[in-house]
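The values are calculated or read from the model by the stated rules, or taken from the named source; none is laboratory data. All of these numbers come straight from a predicted model, not from anything done at the bench. Please note: Cβ atoms are built from the backbone with ideal geometry, for glycine as well, and neighbour counts cover all protein chains shown. Remember, those area values only see protein heavy atoms, side chains included, never the ligands or the DNA or RNA. Shrake-Rupley method; radii C 1.70, N 1.55, O 1.52, S 1.80 Å.
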Amino acid sequence: MTPELRDRSPRPDGPVRSGRGPSERDWGRALKLVGEADEIALACHVSPDGDALGSMLATAFTLRSMGKRVVASFGDRRFAVPRLLRFLPGLEMLSPPADFPDEPALMMSFDSSTLDRLGLLAGNAARARELVVVDHHPSNAGFGTLSLIDPGVAATAVLVEELIRRLGRPITKDVATCLYVGLVTDTGSFRHTSTTPAAHELAARLVAAGLRTDEIARELWDRSPFGYLKVLGAALDRVVLEDGLVWTYVTHLDRAAHGLPYDEVEGIIDVIRRTEEAEVAVVLKEDDDGAWQVSTRSKGAVDVAAICTALGGGGHAGAAGFTSHDTVEQTMDRFREQLRTA
Ligand code: AMP
Ligand code: MN
Ligand code: MN
């Protein structure tokens, strides 16, 4: 990241938050900022997942219904919605990062734990007059002018639902679909420890709005191109189990041989991490620029967020990631070294 960007975190590496959510005062300020704005610029983290995109789109629907002008984007150089999420309603509200206001009067960021994770829009965020950071990552130090951050909730979508409720706006079927996708993806279909009673209560309210959970589940998890099976086969063929660590990698060439786009391999970690003998699972995925996007998972004894943060990335204790420009072996050596000291 370029050093001149203004990150408004209280401390550069930020304190770990206490487990408390936004105060009444914070919510009040958010409602006032939204109420007084004519145009609101929305951004979520790069390579958006269900929570990032779902939270942002639900907010976009709501603000539009209030008569606001809304710009919504994410800062990837290749501006493309992952295939898995192309069924989401409201994608037509997205515009490429080049169309994003340079110095937004009011900007909101979703599911992004740092300014950097906004990619090409980090500069716009740093220049925004007001920047409302909506997030649930424990490592988020609050890099905006107002934080709506609660590390105790399962997804950023939980905070967005509260915002919509406080704005007095309805949860339409479209809004419910977007929020549910955020909730169901970040909780791993209500399997992760983040699945609190509140997460189920939110799911109940969203389902009551009329969404089709069966169709959403099929779109998210139960379909893939044939090439996925071949690439999964290659990844499984070279999987390694060593001292409680299971890991493998997927090259650009693996994917190219079967015409498989990068985002189709995101789910391979969910196959690898089932290994009973392993506490930690790692999948290195070579992206279209030749960089390795590293997915890591832990069953609880190891904080992979701490390891990934030390390697320049971040995430949650049980699911984290980082980017590497080294070779597979060098990357794994660095990972093992951090794992040993963890
Ligand atoms: P993934 O393995 O891509 O599903 O990512 C798991 C979690 O790790 C995400 O929810 C992010 O919070 C975090 N994460 C993944 N990649 C990065 C990265 N390059 N930098 C910071 N955080 C990351
Ligand atoms: Mn996310
Ligand atoms: Mn999230």
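Which order, highest average first, do 228-235, 149-156 follow once you tally other Cβ atoms within 10 Å for each residue and take the mean per peptide?
Ranking the peptides 228-235, 149-156 by packing returns 149-156, 228-235.
Could you state the per residue volume, in Å³, of the convex hull enclosing the Cα atoms of segment 226-341?
About 91 Å³ per residue, rounded to a whole number.
If you build the convex hull over the alpha carbons only and average its shadow over all orientations, what do you get for segment 99-154? Give it in nm² to one decimal.
3.6
Solvent-accessible area per residue for segment 214-307 at a 1.4 Å probe radius, Å²?
Ligands and nucleic acids excluded, the figure is 49 Å² per residue.
Considering only Pro48, Gln293, Pro104, whose Cα is most displaced toward the positive end of the charge dipole of the chain, charges sitting on Cβ of Lys, Arg (+1) and Asp, Glu (-1)?
Of the listed residues, the answer is Pro104.
For the chain, with all protein chains present and a 1.4 Å probe, just round the carbon and sulfur fraction of the accessible area to a whole percent.
The nonpolar share, carbon plus sulfur, comes to 49 percent.
Need the list of aspartates and glutamates near Lys299 for cross-linking: C-alpha distance under 20 angstrom, and skip anything on the same chain fewer than eight residues off.
Cα-Cα hits under 20 Å: Asp186, Glu242, Asp243, Glu266, Asp270, Glu276, Glu277, Glu279, Glu337.
Calculate the spin-label point distance for Asp270 paired with Lys68, positioning each point 7 Å from the Cα along the beta-carbon direction, and give it in nanometres.
Reported label-point gap for Lys68 and Asp270 is 3.1 nm.
Considering only C-alpha atoms, what is the centroid distance from segment 222-278 to segment 113-137, in Å?
32
So how much slack lies between Asp243 and Glu24, counting 0.36 nm per residue of separation and subtracting their Cα-Cα distance, in nm?
Using 0.36 nm per residue and subtracting the Cα-Cα distance, I get 74.1 nm.
For n ≥ 4 DSSP H runs only, could you compute -39500 (n - 2.57) per run for the chain, divide by its residues and tell me the 222 nm figure to the nearest 500?
-11000 deg cm²/dmol
Give me the three principal axis extents of segment 24-219 from the C-alpha atoms, as integers in angstrom, largest value leading.
Largest first, segment 24-219 extends 41, 38, 34 Å along its Cα principal axes.
Taking only the alpha carbons of segment 119-180, what extent do you get along each of the three principal axes, in Å, biggest first?
34, 24, 21
If you take the Cα Rg of the chain and divide it by 2.2 N^0.38 Å, with N the number of residues, what do you get?
So the Cα radius of gyration is 0.96 times the expected 2.2 N^0.38 Å.
Hey, could you get me the Stokes-Einstein D for segment 143-239, Kirkwood radius over alpha-carbon pairs, 10 °C and 1.306 mPa s, rounded to whole µm² s⁻¹?
104
On average, how much accessible surface per residue is there in segment 111-157, in Å², for a 1.4 Å probe, leaving out ligands, DNA and RNA?
Normalised by residue count, the accessible surface of segment 111-157 is 24 Å².
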